[in-house]
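One structure is given below, encoded as structure tokens.
The values are calculated or read from the model by the stated rules, or taken from the named source; none is laboratory data. Here the structure is a predicted model, which means the values were calculated and not measured. Neighbour counts run over all protein chains shown; Cβ positions are idealised from the backbone, glycine included. SASA here: full protein model, heavy atoms, side chains in, ligands and nucleic acids out. Shrake-Rupley method; radii C 1.70, N 1.55, O 1.52, S 1.80 Å.
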Amino acid sequence: MKKVVLSISVMFFAVFGFSQANLSVVNQTGLGNMSDVDQDGLLNYSNVDQFGAFNDSEVDQDGAFNASEVNQVGWGNESQVDQLGFFNESDVNQLGIGNMASVSQIGIANGSDVDQFGIGNEATVIQLGETNDATVLQIGEDNSSTALQVGQDNTSDQFQFGEDNTAIAAQMGDDNSSTQTQIGEGNLGFTLQNGDSNVSLQLQLGEDNIAIHDQDGFGNLAITTQDGEDNLSYIEQDGALNAAWTNQSGEAHMSFVNQTGVGNVSLVNQSN
């Protein structure tokens, strides 16, 4: 027992004895770029590369072994990264004008990757828990994405190509998975998952389509595919192991699916 206590004491001494061993690297080329890095803890790593004019980056790290990469090329891009905990990783890449990214990680070993190419895109990632993973890719103008993850091992993927698309994913629980792909203009995708091991897939091609998935329970599967304009798909699942797939092709279709219980299956096809 004394040897165990001694070993733990040595470990804590080694950790806190080197509490100043953080690393920050900042490279700025251009006009009026701003970088603010605050590190408190052990062996946190931050790298900021700015090329262009009036880009703004802020990184706050509190804990140990957190890592942040920020790359900004262009004009007036903004990035905010907050990491509290251990082994969190964030990667922000911005190429263009006036893109905004905000990443908040609280917990252990969360991972976030935000890539923005274009003008006026906005991305927000909030992770509370352990080993959650969020990926955002925005190519175009004025796209908006939000990913909220509370729990463990949740995965959110948001891909936006075009203009004025909005993707929102909120995950509370463990092992939930959400994928949202938007190609076009003015599409809205919303996913709400409360429980464990739910899967949501949304594919939107066209303009002004709306897809909403509300999952509460365990092991539910919801899929919406939309190709056209002004289509609406709503899927609500409350229970376990339910499956719903809505496929819409054309214009102005509306579908509402509500599943309560265990093992229900729904398939909707709409076209014109």
Practice task
Scan segment 234-262 for residues that are outside any strand (DSSP E or B) and on the phi < 0 side of the Ramachandran plot and jot them down.
Solution key: N242, H253
Practice task
Kindly check whether there is at least one residue in segment 107-123 that is more than 12 Å from the chain's Cα centre (by Cα), closer than 23 Å to Q61 by Cα and among the acidic types (D, E).
Solution key: no
Handout entry: All positions within segment 144-160 that are closer than 16 Å to D175 by Cβ and among the hydroxyl-bearing types (S, T, Y)
Key = T155, S156
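The rows are residues; the columns are (1) surrounded by fewer than 24 Cβ atoms within 10 Å (Cβ to Cβ); (2) closer than 20 Å to I139 by Cα.
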| position | (1), (2) |
| --- | --- |
| F54 | yes, no |
| S57 | no, no |
| N66 | no, no |
| Q72 | no, yes |
| A101 | no, yes |
| I106 | yes, no |
| G111 | yes, no |
| V114 | no, yes |
| T124 | yes, yes |
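Yes or no: V92 buried (at least 24 other Cβ atoms within 10 Å of the Cβ) and either within 11 Å of the chain's Cα centre (by Cα) or in contact (Cβ under 8 Å) with a residue 40 or more places away in the chain (or both)?
No.
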Fill in the blank from the handout: Subset of segment 144-173, residues buried (at least 24 other Cβ atoms within 10 Å of the Cβ) and over 14 Å from the mean Cα position of the chain (by Cα), comes to N165
Exercise for the section: Could you grab the pairs with beta carbons closer than 9 Å, sequence gap of 6+ or different chains, first residue in segment 20-37 and among the polar types (S, T, N, Q), second one assigned to a loop (DSSP other than H, G, I, E, B) and at pLDDT 95 or above? Expected result: N22/L43; N22/N44; S24/N44; Q28/N55; N33/F54; N33/N55; S35/N55
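Looking only at segment 142-151, decide whether some residue is over 20 Å from V92 (Cβ atoms) and either of a type outside the set (F, W, Y) or at pLDDT below 95 (or both).
yes
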Fill in the blank from the handout: Residues in segment 222-233 that are open to solvent by 60 Å² or more (accessible area, probe 1.4 Å) and assigned to a strand (DSSP E or B) total 2
Exercise for the section: May I ask you to verify whether T131 is within 21 Å of L201 (Cβ to Cβ), in contact with a strand residue (DSSP E or B) (Cβ under 7 Å, 6 or more places away or on another chain), open to solvent by 40 Å² or more (accessible area, probe 1.4 Å) and polar (S, T, N, Q)? Expected result: no
Problem - Where Q202 falls short, out of the listed (1) open to solvent by 30 Å² or more (accessible area, probe 1.4 Å); (2) closer than 14 Å to A169 by Cα - result: (1)
